[in-house]
Amino acid sequence: MDDLRPSASEVRRWRRRLADEREEAQVYRHLATRRSGEEREILLGLAEAEERHAAHWERLLGPDAAKRRSGGARLRLLALLARHFGSVFVLALAQRAETRSPYRFDTDATPAMAADERIHEEVVRGLAARGRARVSGTFRAAVFGANDGLVSNLALVLGVVGGGAPTATVLLTGLAGLLAGALSMGAGEYVSVRSQRELLAASAPHTDDAHSVLPQLDLDANELALVYRARGIPADEARLRAAEALRDPGLAEPDETGVDRRHEVVGSATGAAASSFAFFASGAAIPVLPFLVGLTGTAALVVGLVLVGLALMLTGATVGVLSGGPPLRRALRQLAIGLGAAGVTYGLGLLFGTTLG
């Protein structure tokens, strides 16, 4: 009988699996409270699946399941974020958590549980993609604005410092660069997004008049098929859909939802402009901060470089999390690009400063 009892290490592992499943279920339930309709139902379905997995470990543990323990640190943090925010950022973190499922290598987990986790990864990926689409316009403007502010103003400040300018000139140059760049970014984003939305609106199908003439169409020629073919539907399928639409005009309407989604991905022109302006200004302020608080010379440069480096890594890691990529790699890439560009400008400042001097 003793041989059938689980070892202490097995019990510890099962309790850890149980705690993690309970935490994951809580993550999805917290997220569901901030959603409605289909997304809410999907999240509740994921929570129920995680609770079924938890029940498996409870059966294996028997009386030991009553000794509750906390899940892993990452899952506890994820549950905390889901309880208070429920944003696309949390969904992106949940997607990464699903990719780390150990069940495919755990002989005590059933094949169905391992398969469930693979499916959960794709489900959460789909939900995260919806969220990314909703914020992509504003988020793109924010990320580009912050990075442009950090890199361009750091490069500007370093170039002026390298040229031997006094502190007052460096400070004035940095503040001028901040304001000019933020206004330029905001105006550029507004024009860009507004133009994109106008182009999409021009290509949007006008269905009201088209639907009103369906009963008068020639059934033999059936030019409605050309409408579907113009939207990219293959000829055979276009003819079938046109024939169905003539039998029931209500069937001709559902194809217009894609247009709204395209507008959603582009985002609001005003929102993109405001986001770009604010984040550029925030990023551009960081290289100037040491000079604003009274630092000068090498001390100001070192502090500015450290602050900008940390900010570049933060924006890179954020993009990595939201895009499903490795945050550290994206953070280091962002740091290398930003400091590389600033280093070139500093070198040019030194060169021209020496030449002009």
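Nothing in this text is a laboratory measurement; each read-out follows from the coordinates by a stated rule. Keep in mind it's a predicted model, so treat the numbers as computed, not measured.
For the reader, a short list of remarks on this structure follows.
- The range 284-353: proportion of alpha-carbon pairs further apart than 14 angstrom, %: 64 percent
- Hydrodynamic radius (Kirkwood) for the range 1-156, which is based on Cα pairs only, to one decimal in Å: 17.3 Å
- Kirkwood Rh (inverse of mean 1/r, distinct Cα pairs), the range 12-55, angstrom: 10.5 Å
- Overall Cα dimensions of the range 54-112 - principal axes, largest extent first, Å: 36, 26, 16
- Per-residue HN-Hα couplings for the range 114-130 [Karplus 6.51, -1.76, 1.60; θ = phi - 60°; Hz; x = Gly/Pro]: 4, 5, 4, 5, 5, 5, 4, 4, 6, 5, 5, 4, x, 5, 5, 5, 4
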